[in-house]
Amino acid sequence: MKKSKQVVIAACLSTLLVSWAAFGADAPATPTGDTSNAPVTEAPNVPAGEAPAKASAKDLILKGDAKCTGCHDEADEPIGRQTMLELNPGVLAIATTRHGVKGDARTPTCTDCHGESKDHINFKGKGKEKPPAPDRSFRKITASPAAERNAACLTCHKGDNRTHWEGSQHAANDVACNSCHKVHGEHDAVRDKKTQADVCFTCHKNERADTHKISTHPLAAGKMSCSDCHNTHGSAGPKLLKKNTLNETCFTCHAEKRGPFLWEHQPVTEDCASCHTPHGSNITPLLKSRAPFMCSECHDGAHNSKAPYGPVAAGNQGGFVGTNPTENAGGRACMNCHSLIHGSNHPAGALLHR
């Protein structure tokens, strides 16, 4: 019985050795610890929702990215302070961003953004000769037209908040996506609420000056950003506002001014900018001019600011019966009496008194 078991075990071992030998003859020899010749296992870059097609190990390399990283390696990384790294993070820093996720089949490759660039890849220069620019270049010196650069981004980033990009003020003025965004960097300043305004202010310098006035929105404090009011990728409203009108945009934060009110102040229902300037003013709260002079632009009544100050200061003074007292006599001017300037729901508040 023992002898028969030994015969069976010996037969199994011989079969296993033959199989190993056959496998070793066909498989490539790879030294222990060396994976340079091992098959690539990354998923191919295919559109979302489609099953990846079967491909050889050679085709599974990310569509020629290996050719790019053969030259653009750590030598392209900037050397300097951390602030410099944030401004110019280098080529390989894209691996730390969402554009460098290998596990997602939608991840773009070098050629998806820069084009096939055969002249650039096959360049065989000598000495200090520099290769020609890629088919689609994003550098300032050799930048491709803004429309071409934007087309590369919009192949993936289209719809949603970018529906109105075509025809928007930024597109019409040849603003490119990389004018604001840093694709290769882990930290994109324009997507950070604390640093977004600095990116916008590189072009919008008048608005930057307004934000340093006495009364302004809390941009510097990091409590809000430009994108809280504006959709920089295009909008159906004026001035790239997120909502269709200025009032709708303001009411997203200032809901108490929305109403509806029993007694409405007509300029309030028409346009907040009739009285306020949104980016900053030296008159609180963001007023275009101080009362009573701003009120007198529309209300030229009995006690307007153009009336003589002395005889009508109190209306009835020393037995002299004057006209209605001028609003210049009070610190808050018109708001001394008309305190509910945005509207009133009181039955007796027709003049916005209460």
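The values are calculated or read from the model by the stated rules, or taken from the named source; none is laboratory data. Just so we're clear, the structure is a prediction, and the values are computed from it rather than from any experiment. Neighbour counts are summed over all protein chains in view; Cβ atoms, including those assigned to glycine, are modelled from backbone coordinates with ideal geometry. The area values use the complete protein model at the heavy-atom level, side chains included, leaving out ligands, DNA and RNA. Shrake-Rupley method; radii C 1.70, N 1.55, O 1.52, S 1.80 Å.
The criterion of being part of a loop (DSSP other than H, G, I, E, B), among the acidic types (Asp, Glu), open to solvent by 80 Å² or more (accessible area, probe 1.4 Å) and in contact (Cβ under 8 Å) with a residue 24 or more places away in the chain holds for GLU166. For the stretch 258-313, the candidate set comprises residues that are outside any loop (DSSP other than H, G, I, E, B), touching a His at 6+ places or on another chain (Cβ under 9 Å) and at pLDDT 90 or above; within that set, the residue that is farthest from HIS204 (Cα to Cα) is TRP263. Which residues, taken from the stretch 172-205, are part of a helix (DSSP H, G or I), in contact (Cβ under 8 Å) with a residue 24 or more places away in the chain and surrounded by fewer than 18 Cβ atoms within 10 Å (Cβ to Cβ)? Listed by number, the list holds a single entry, ALA189. Exactly one residue out of THR216, THR284 is loosely packed, with under 13 Cβ neighbours inside 10 Å, in contact (Cβ under 8 Å) with a residue 12 or more places away in the chain and hydroxyl-bearing (Ser, Thr, Tyr), and it is THR284. Report yes if LYS213 is modelled with pLDDT of 90 or more, part of a loop (DSSP other than H, G, I, E, B) and not hydrophobic (A, V, I, L, M, F, W, C), otherwise no. Yes, satisfied.
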